[in-house]
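Have a look at the structure below, then the notes.
The values are calculated or read from the model by the stated rules, or taken from the named source; none is laboratory data. Worth saying up front: this structure is predicted, and the values here are computed from it rather than measured. Cβ placement follows ideal geometry from the backbone for every residue including glycine, while neighbour counts extend to all protein chains displayed. Keep in mind that these areas ignore ligands, DNA and RNA; they rest on the heavy atoms of the full protein, side chains included. Shrake-Rupley method; radii C 1.70, N 1.55, O 1.52, S 1.80 Å.
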Amino acid sequence: MTFPSRPEPPELRCAVSVCVLIASARSYTAVGQWSANVPQHALARLGARTVGALEVRVAPSAATIRRIIGLVCPGQPGLHRQLRSLPWKDVTARRYNREIGHGRKETRATRALTVTDLGLDFPHAVQGVRILRHRTDLKTGTVSRQTVYAITDLTSNQASPQRRGQLARSQWTIENRLHFVRDTTFSEDASKIRTCHAPENMATLRNLAINTLRAAGRHNIDTGLRHVSYAPFNRLLDLLNIP
């Protein structure tokens with residue numbers, strides 16, 4: 001006789017993925033070891049599926065988590081193409097900034113336009129921003145060019161082109177800080193997880209783990225990870241507010 005089991009909800013796989021990262025798992029092997037050792041009470045809190053007459057909770061396998069992390073597309077399909085196709089040539093709201101420092105000269109041209117009536121397929125998007133960056137290496141004379149697109153829910157009255165450029169730069173600073181922590185604490189640059197979309201998704205999950213610890217008042221990520229490791233299941237779920 002066979003007994004039906006509840007399918008695994010996608011949010012369970014996401015929660016388990018964040019859990020294993022906060023538990024300092026840095027490889028698929030470590031993910032599998034953590035998942036295989038989750039006790040029944042923790043699986044119940046996570047909402048894991050049940051099997052058999054005794055309704056034993058079963059955690060997602062390492063293969064399942066690996067497949068999901070590798071296959072889920074980290075970007076929103078078509079969004080970049082939609083942003084590129086906006087009528088940027090007609091934009092009058094623009095801002096130019098020129099700076100010299102860190103051995104280079106940089107010029108940034110920021111343009112912004114309201115997208116609420118342009119059919120942009122992204123929730124809550126109010127404005128689109130295009131930042132064209134020209135950089136000249138003062139030592140070698142090498143010139144590079146980069147175009148960055150961004151979206152925001154701020155209106156033109158709430159954020160001028162200058163303010164939007166500043167917000168974009170602050171976001172780059174945040175990303176650089178996160179990358180530093182991901183590399184020093186999670187050894188991201190040495191990670192052997194390199195196939196399909198897994199590197200981008202793992203970086204996103206590491207960001208979520210770091211921000212979760214910071215939101216809980218653990219600004220030193222190493223200290224936060226050690227604190228969690230002393231009660232590796234209950235403290236993880238408490239940290240994620242999983243009842």
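Give me the helices (runs of 4 or more DSSP H) completely within the stretch 130-243, filtered to those with at least 2 residues that are in contact with a Gly (Cβ under 6 Å, 6 or more places away or on another chain), closer than 27 Å to residue 45 by Cβ and open to solvent by less than 50 Å² (accessible area, probe 1.4 Å), ordered by residue number.
Those helices (runs of 4 or more DSSP H) span 198-215.
Mind checking whether some residue in the stretch 98-109 is in contact with a helix residue (DSSP H, G or I) (Cβ under 7 Å, 6 or more places away or on another chain), over 26 Å from residue 200 (Cα atoms) and open to solvent by less than 40 Å² (accessible area, probe 1.4 Å)? Let's see the steps before the verdict.
Initially, the stretch 98-109 is screened for residues in contact with a helix residue (DSSP H, G or I) (Cβ under 7 Å, 6 or more places away or on another chain), giving 108.
Next, from what is left, pick out any that are over 26 Å from residue 200 (Cα atoms): 108.
From what is left, the residues that are open to solvent by less than 40 Å² (accessible area, probe 1.4 Å) are 108.
Within the stretch 98-109, one or more residues are in contact with a helix residue (DSSP H, G or I) (Cβ under 7 Å, 6 or more places away or on another chain), over 26 Å from residue 200 (Cα atoms) and open to solvent by less than 40 Å² (accessible area, probe 1.4 Å).
Does residue 46 satisfy the criteria of being under 24 Å from residue 238 (Cβ atoms), open to solvent by less than 70 Å² (accessible area, probe 1.4 Å) and in contact (Cβ under 8 Å) with a residue 60 or more places away in the chain?
yes
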